[in-house]
Amino acid sequence: DVCSSDLRANRALALGADAAFVEAAQSIEELEAIPRRVNGPCLLNMVWRGRTPDISFAQAGAMGYRMIILPSLLLKSVMAVCDRVLAETMSSGRHAKLDTEMTPQQGFDRLGAKSWDAISERYGRK
């Protein structure tokens, strides 16, 4: 119940919480009501295809939300790409064609290979 969650959020803020998070508003009306009833900054949890209506960041800000989190956005995106690449690899019997312009060296750089190389050199391992 969003109303009882608002009460808990206000108690938590009164006890020193930095922000309030009321879980899973299920309508625009509930989304709008939460920041009005909570006495402090509100966090909005935006899960694609979740229970909370999909609104823009601007709409959330206009309603009074001060923070938005997008839990598992990147993780789910990466898993979907992995599934697609692995399916293509299995069906073609060869390395999938990646839809990226990233070179192997750019991939190594992104993962911090230069830092690890420096550590290896520092400790005499190559």
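The values are calculated or read from the model by the stated rules, or taken from the named source; none is laboratory data. As the structure is a computational prediction, the values presented were derived from the model and not from experiment. Please note: Cβ atoms are built from the backbone with ideal geometry, for glycine as well, and neighbour counts cover all protein chains shown. The area values use the complete protein model at the heavy-atom level, side chains included, leaving out ligands, DNA and RNA. Shrake-Rupley method; radii C 1.70, N 1.55, O 1.52, S 1.80 Å.
A few remarks follow.
- Of R36, R11, R94, the one that fluctuates the most in a GNM where the chain has Cα springs shorter than 10 Å: R94
- Here's how it looks for I68: its modeled amide H is under 5 Å from those of L44, which are all 5 or more places away or on a different chain.
- In the elastic network of the chain, a GNM with C-alpha springs shorter than 10 Å, the most mobile of A113, A58, A12 is A113.
- Peptides 50-56, 100-106, 80-86 ordered by average Cβ neighbours within 10 Å, highest first: 50-56, 80-86, 100-106
- Carbon + sulfur, % of accessible area of the chain - ligands and nucleic acids excluded, 1.4 Å: 57 percent
- With eigenvalues of the C-alpha gyration tensor scaled by 5 and rooted, the stretch 29-126, Å: 42, 23, 10
- In order along the stretch 113-124, the Karplus-derived 3J(HN,Hα) couplings, from 6.51 cos²θ - 1.76 cosθ + 1.60 at θ = phi - 60°, round to 4, 4, 5, 5, 4, 5, 5, 4, 5, 4, 9, x Hz, and Gly and Pro are given as x.
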